[in-house]
1. Quick check on my filter: what residues within region 128-176 are within 25 Å of residue 340 (Cβ to Cβ) and polar (S, T, N, Q)?
2. Restricting the search to region 396-429, which residues are among the β-branched types (Val, Ile, Thr) and open to solvent by 20 Å² or more (accessible area, probe 1.4 Å)?
3. Could you tell me which residue of region 362-374 is surrounded by the most Cβ atoms within 10 Å (Cβ to Cβ), considering only residues that are part of a helix (DSSP H, G or I) and out of contact with any helix residue (DSSP H, G or I) (no Cβ under 6 Å at 6 or more places or on another chain)?
4. So if I check each of 226, 243, which one is open to solvent by less than 40 Å² (accessible area, probe 1.4 Å) and either modelled with pLDDT of 60 or more or not hydroxyl-bearing (Ser, Thr, Tyr) (or both)?
5. Evaluate region 301-316: report whether one residue or more is at pLDDT 85 or above, among the β-branched types (Val, Ile, Thr) and part of a loop (DSSP other than H, G, I, E, B).
6. Look through 102, 73 and report the one residue that is closer than 26 Å to residue 430 by Cα, touching a residue at least 40 places away in the same chain (Cβ under 8 Å) and not hydroxyl-bearing (Ser, Thr, Tyr).
7. So residue 280 fits all but one of (1) at pLDDT below 85; (2) in a helix (DSSP H, G or I); what number is the exception?
8. Looking at (1) part of a helix (DSSP H, G or I); (2) open to solvent by 10 Å² or more (accessible area, probe 1.4 Å); (3) not hydroxyl-bearing (Ser, Thr, Tyr), which is the only condition residue 346 fails?
Amino acid sequence: MTALGRGGARAVRRGMTAARGQLVGAVGGPARTKVVLLLACVLALASADTATVGASAVDLRRTLDISNTDIGLLVSVTAVVAAVFSLPFGALADRSRRTWILAFALVTWGVAMFWSATASSFGQLLLARAGLGAVTAAAGPVVASLVGDWFPAAERGRIYGYILTGELLGAGAGFAVTGDIAALSWRAAFIILALPAFVLAWLIFRLPEPVRGGQGALAAEPDARPRPRPRPASATPPPAPDPQLLAREMGIEPDPELVRRAHAKMTLWQAVRYVLAVRTNVALIISSACGYYFMSGVQTFGNEFVSGQYRVSQVVANLLLLVVGAGAVVGVLVAGPLSDALLRRGYLSARLTVAMAAAAATVLLFIPALITHSAFAALPYVVIAAAALTAQNPPIDAARLDIMPPQMWGRAEGVRTFLRTAAQALAPVLFGVVSEGIFGGGTNGLKWTFVVMLAPLAASAVFLYGARRLYPADVATAAAASEPVPRPAA
């Protein structure tokens, strides 16, 4: 190796070491960083799988002789089965060892991906995708429950930002890396996605199970915590950043009927009724479903739309989508800490306000990007719109934990995943049917389909606006309904 090569290698190693140090410092220590990275990888794997189907659309249509509607059906079947299985997995997450549940799901996940790669017809591939959906259902309820028990409420917006970054990076890998591989062979793309599942399963299997009820939260290590600026002696300390503690300090009254009904041993049907009786939760579910509905359509048909609308090659389309993905990553990394910072200032409904503003901005920014035919002119709008679209998720995910008692986190997330995944399941099929059946297909059909599908995003902002008034009382109710979890003896 030449001196120049050795110098370059040393520079790369120093850069990676510095980046790792920054990440460990931001998250709060090596133990926390390991948990965040593993949970992010779980979401990344699921997102990469969905994006790979969209990126493989051209090769799948040619090899299996199928249409846009069939491509949408492949994604939708996975989502429908995942929606059905999310409810029993939510119940398991509240009663069984969650790290082992997730590890088992990942092993089965890898097997299902190998099965998909060997399919010789559309029917076989559809059946394999259905099996894949059954095991991907574990991710939502288990990850949400683990985040609630591993991280304090005051930090969950920021922590969710890091974890959801994995979901976006997985989508980018599905478009760029496995998408390029799928141009040569969609079977090879599925095999490459299957291999990391087994490694990830082993690492998660070895994680310790956190104490339920949030009493075993991983504290930030003193050396890893950012150094605060010195505060003047006369300055008043900020109010309690934990939303439930803040609600108590503000004297907000809980709902006595919901407090009476909340207990860990309720049946699945009773839990579903309880979750849907919390009005803020219903608004958050609808809002989240609208955002993921649009995102699912973009993941499935975005690559094809970009290459046709802006008249660029497939490689350039992949690069443009990577730039857009970078904007989406910025959105989740900014929105979570922003909502936590506003919460520390005593603004109890901060998480919903940040999500509402992001939802409204998304609609306004996507319109000019969909109309223009110039990639250069559309790129700034699309990047900022992608950031606004994903910025809704960390505050909403953290807020859902705020309004639910800890003993119901898994089942509540199971219900939310069921309804959200049902919306995701509809998206690819409806995008495909509307683009071909109503707007005549092709790039122009996709363009006007995307314009029409902005309506659910506008509805998301409306529901979040209404939820801001309901959120404080539901936070107080969750605090009153939380069942104490006995600490283990020393």
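The values are calculated or read from the model by the stated rules, or taken from the named source; none is laboratory data. Please read all numbers here as calculations on a predicted model, not as lab measurements. Every residue, glycine as well, gets a Cβ built from its backbone with ideal geometry; the counts of neighbours run over all protein chains shown. Accessible surface is based on the protein model in full, side chains and every heavy atom, while ligands, DNA and RNA are left aside. Shrake-Rupley method; radii C 1.70, N 1.55, O 1.52, S 1.80 Å.
1. Of the residues in region 128-176, the ones within 25 Å of residue 340 (Cβ to Cβ) are 139-171.
Selection gives 145, 165.
2. Applying the first criterion (among the β-branched types (Val, Ile, Thr)) to region 396-429 yields 396, 403, 415, 417, 421, 429.
Within region 396-429, 429 is the sole residue that qualifies.
3. It comes out as 364.
4. Values: 226 fails: open to solvent by less than 40 Å² (accessible area, probe 1.4 Å).
Going through 226, 243 in turn, just one is open to solvent by less than 40 Å² (accessible area, probe 1.4 Å) and either modelled with pLDDT of 60 or more or not hydroxyl-bearing (Ser, Thr, Tyr) (or both): 243.
5. Kept after step one, since they are at pLDDT 85 or above, are these residues of region 301-316: none.
No: zero hits.
6. On the way: 102 fails: closer than 26 Å to residue 430 by Cα.
Exactly one residue qualifies, and that residue is 73.
7. (1)
8. (1)
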